[in-house]
1. Among the residues of region 130-165, write down those that are of a type in the set (S, T, N, Q), out of contact with any Phe, Trp or Tyr (no Cβ under 6 Å at 6 or more places or on another chain) and under 23 Å from R101 (Cα atoms).
2. Quick check on L130: is it of a type outside the set (D, E) and either touching a strand residue (DSSP E or B) at 6+ places or on another chain (Cβ under 7 Å) or more than 27 Å from K74 (Cα to Cα) (or both)?
3. Being surrounded by fewer than 23 Cβ atoms within 10 Å (Cβ to Cβ) and either more than 16 Å from the chain's Cα centre (by Cα) or touching a residue at least 12 places away in the same chain (Cβ under 8 Å) (or both): is that true of L60 here?
4. What residue, among those in region 121-174 that are over 22 Å from T89 (Cβ atoms) and among the charged types (D, E, K, R), is farthest from the chain's Cα centre (by Cα)?
5. Of the residues that make up region 89-109, is at least one under 14 Å from the mean Cα position of the chain (by Cα), assigned to a strand (DSSP E or B) and more than 18 Å from P67 (Cα to Cα)?
6. Inspect region 34-52 for any residue being surrounded by fewer than 15 Cβ atoms within 10 Å (Cβ to Cβ) and on the phi > 0 side of the Ramachandran plot and give the result as yes or no.
7. What about T85, is it in contact with a Leu (Cβ under 9 Å, 6 or more places away or on another chain), of a type in the set (S, T, N, Q) and either under 19 Å from T166 (Cα atoms) or part of a loop (DSSP other than H, G, I, E, B) (or both)?
8. Name the pairs whose Cβ atoms lie under 7 Å apart, with the first residue in region 1-23 and under 13 Å from G162 (Cα atoms), the second assigned to a loop (DSSP other than H, G, I, E, B) and of a type in the set (S, T, N, Q), and 6 or more positions between them or separate chains?
Amino acid sequence: MPKACILIADGTEEMEFTITYDTLVRAGVSCASAYVAAEGADASSTSPPFARGSRGINILPDMFFSPQDCTPDKFDLLVVPGGATGAATIAGSAPVQHLVRRFLEEGKFVGMICAGSLAAKTAGLPKQPLTSHPSVKSELEKEFEYSEEPVVVSGTLVTSRGPGTTFPFALTLVELLCGADRRSEVAGPMVFPPHTFA
């Protein structure tokens, strides 16, 4: 069974987190959410606090983010959701940057959506196709081959644009981890309107 580690912080965009998590679970992917504390925040508790999303919705993560517990030998996919404040916390974390590079170096998948794509820049990834939320395009377009496509796949790096592209983003991750047939099996019961992305 494939395994995914989905990062979350205060200010994470709720749709990008929950739709991705939910869609992966529907495909049979074992998911764990890891709370990335803001710099200087108290992370001494054994249980993570609620992450307060970008729209004020509280989400209880499964665990604190730990560079020792979220490694590519334990997970097949690392997901960085957006939301300006949450993405800044996650992308600004040196341990997250290190893990992004490790996952890609070891042929594992990394998904970034919305402002979460800033983690490609902070991790120092080489120039390659990528997309993001329009609000951070100017920070990425010089260092990457910027695209306006809803989902961009570059090797094992998958990027997407925002809340409205989260379903195709999540379904692309399902297809990469579990195959095209599984993607169709998951998308069918979701009953997307005709002529949509699924």
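Values quoted throughout were computed directly from the atomic coordinates according to the rules given, and no laboratory measurement underlies them. Computed from a predicted structure; not experimentally measured. FYI the Cβ positions are ideal-geometry reconstructions off the backbone, even for glycines, and counts take in every protein chain you see.
1. Applying the first criterion (of a type in the set (S, T, N, Q)) to region 130-165 yields 131-132, 135, 138, 147, 154, 156, 159-160, 165.
If we keep only those that are out of contact with any Phe, Trp or Tyr (no Cβ under 6 Å at 6 or more places or on another chain) too, we end up with 131-132, 135, 138, 147, 154, 159, 165.
Passing the criteria: T131, S132, S138, S147, S154, T159.
2. So L130 fits the description; yes.
3. On the way: surrounded by fewer than 23 Cβ atoms within 10 Å (Cβ to Cβ): yes; either more than 16 Å from the chain's Cα centre (by Cα) or touching a residue at least 12 places away in the same chain (Cβ under 8 Å) (or both): yes.
Here the answer is yes, as L60 does meet what is asked.
4. Top of the filtered list is K142.
5. The answer is no; no qualifying residue exists.
6. Yes: one or more hits.
7. no
8. These pairs meet every condition: T12/S54; E13/S54; E14/S54.
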